[in-house]
Amino acid sequence: MPRLKIALGTYGHTAALKDGRVKIAGVEPDFVEVVPIIGAFRRMVRDLEFDVCEMAPTTYMIARALGAPYIALPVFLMRRFHHGGFVYRPDSGIRTPKDLEGKKVGVRAYSVTTGVWTRGIFVNEYGLDSSQVTWVVDDEEHVTSLKLPPNVMHAPDGKSLADMMASGELAAGFTGNAGIGRAGSPTGGGWKQRSDENYPELIANAAQVEADWFKRTGIYPIHGSVVVKTEVLAKHPAVAKSLFDAFVAAKAVYMDRLKSSEGDSADDRKYRGVMPVVGDPLPYGLLENAASIDAMLTYGVQQGLIPRRMPLDEVFVDPS
């Protein structure tokens, strides 16, 4: 029985897996706590520290395109839409995504998943030419070998995106951890959450726009992919199905809680709130996520994050 070193965030739908209520058939798990979990992404990308690891899907997509020796399961530990969470200064002259052209816009890192999804929406739904925006970042990319487009610049030393937004050096930016809602490195001791200023959202009535977009496209943006070392799967092919089945079983425990209205965390409220729109708020599997995976790969090529569109079996292992 292989002993696998596993790094996952603790969520409602992973709790039963991590506390042992749900077993992984044929696997002895060694769960490693990394807080914040974003630190595990970098340790996996740079040092291959874990056998199984949660990883931002865009970070994974870039690393895999560069030959990383791990592959993803069709398990996505976080979901959210991305029309909202992007704000602008009222004095910037910005009213639509197209107006971002010629402006400086703040995002934590160019490859951060939130940024990739929202840029993709702005490009494909609103006609933005992303190359005409100066994307200002204040953090390093997880994949250090990623060659950034020429329209990406780093914030000056000592300045956060929040500071630059407040001073008018930025015209717009992402809220929360993806942009102006934080200061300092998200993996270091200098990170701190801060309250976003009261800037207006670029996409008004975002929740309704997102619901309409999902109904039309079937795209429900994916976050929190789960990767497994290819050498583990080469030695123990059954591990892919064992892991997938365990994630499904742990999610079922959580879904029973959600449907019975137990729990009132931010995630609980978020997933309950989106169920009338998407049905299953945390769908796993290749078929169930086909539209979202296709969009992620399309956006990756469009934004210069990956050099080519990888075939599905190069990006995901089929656990069936």
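FYI, it's all coordinate maths here, none of it is from the lab. Remember, predicted model here, so these are calculated numbers, not experimental data. Methodologically, a virtual Cβ is constructed for each residue, glycine included, from the backbone with ideal geometry; neighbour enumeration extends over all protein chains shown.
Can you name the residue in region 255-296 that is touching a helix residue (DSSP H, G or I) at 6+ places or on another chain (Cβ under 7 Å) and not hydrophobic (A, V, I, L, M, F, W, C) and, of all such residues, is surrounded by the most Cβ atoms within 10 Å (Cβ to Cβ)?
Checked region 255-296; the qualifying residue surrounded by the most Cβ atoms within 10 Å (Cβ to Cβ) is Tyr271.
Here is a list of conditions, (1) touching a strand residue (DSSP E or B) at 6+ places or on another chain (Cβ under 8 Å); (2) assigned to a helix (DSSP H, G or I), and Gln208 meets all of them except one; can you say which number that is?
Failed condition: (1).
Do you know which residues across region 295-320 are among the charged types (D, E, K, R), in contact (Cβ under 8 Å) with a residue 40 or more places away in the chain and in a helix (DSSP H, G or I)?
Correct list: Glu314 only.
Since Val35 meets every condition but one in (1) without any contact (Cβ under 8 Å) to a residue 12 or more places away in the chain; (2) assigned to a strand (DSSP E or B), which condition does it not meet?
Against the list (1) without any contact (Cβ under 8 Å) to a residue 12 or more places away in the chain; (2) assigned to a strand (DSSP E or B), Val35 comes up short only on (2).
Going through region 259-294 one residue at a time, which ones are free of Cβ contacts under 8 Å to residues at least 12 places away in the same chain and among the polar types (S, T, N, Q)?
Correct list: Ser260, Ser261.
Does Pro149 qualify as being in contact (Cβ under 8 Å) with a residue 60 or more places away in the chain, out of contact with any helix residue (DSSP H, G or I) (no Cβ under 6 Å at 6 or more places or on another chain), on the phi < 0 side of the Ramachandran plot and not in a strand (DSSP E or B)?
Yes, satisfied.
Within the bounds of region 110-124, is there any residue that is over 21 Å from the mean Cα position of the chain (by Cα) and closer than 25 Å to His223 by Cα?
The answer is no; no qualifying residue exists.
All but one of (1) within 18 Å of Val228 (Cβ to Cβ); (2) aliphatic (A, V, I, L, M); (3) not in a loop (DSSP other than H, G, I, E, B) hold for Ala16; which doesn't?
Ala16 satisfies every listed condition except (1).
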